[in-house]
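Encoded as structure tokens, the structure appears first; notes follow it.
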Amino acid sequence: MCLAHNLLTRWLNAIYLQAPYVKSPTDVSDFITYAQVWHESIHHHHAMEEEYFFPWIETYSEEKGIMNKNVQQHEAFHKGLEEFGEYVYKVKVEEYDGMKLRGIVDGFGEALTLHLREEIKTLIGLERFGGEKLSKTWGDLEKKVRAGVKDMVRFPSLPLLFAGGVGVLIQLV
């Protein structure tokens, strides 16, 4: 999970830093795709957590609501992430405004990066329930991801994921 969160943070950082400097139509088109794939990846990451991983953690820990803080953190940046997605999917190349994209990230970036850091602490704290249980839960999630990896994100994202090693593809969720 540390690898996945680090990848997502660095990817967003690259979007934020480069957004105002992308100018040529070809570069803008490619950059918009890059931003779309990041959006798809983080959306998928959090959907897999909320749909599978967090409920499984509740089951093995026998502690209802143990991951509620993380779900609330998802909600804290959801609207901004939605705005980001709307922009990168609807903007025309000739209308692209890097400072506007940067402003959108300013609206949710702090809440997102706080969550990405704090969720790791939450997961480390699950050690008290037994590492073998967390390991099994993680293995179950990995199987789920492997079974549906082709539907996970668009093909252009695969080189981005593989750049960090095959393990990052699995760790992304």
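Any read-out appearing in this document is the output of simple, stated calculations on the displayed coordinates, not a laboratory observation. The model shown is predicted, which means the values in this text are computed figures rather than measured ones. So basically every Cβ, Gly included, is an ideal-geometry build from the backbone, and we count neighbours across all protein chains shown.
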Summed residue charge, Cβ within 14 Å of LYS92's Cβ, Lys/Arg positive, Asp/Glu negative: -2
Whole-Hz ³J(HN,Hα) from phi, Karplus 6.51 cos²θ - 1.76 cosθ + 1.60, for the range 25-42, glycine and proline x: x, 5, 5, 4, 4, 5, 5, 4, 4, 4, 5, 4, 5, 4, 4, 4, 5, 6
Only Lys, Arg (+1) and Asp, Glu (-1) charged, at Cβ; the range 3-70 dipole about Cα centre in debye: 340
Cα-based Rg / Dmax (Å) for the range 24-105: 16.6, 54
Proxy reagent accessibility, fewest Cβ within 10 Å first, across MET67, MET48, MET99: MET99, MET48, MET67
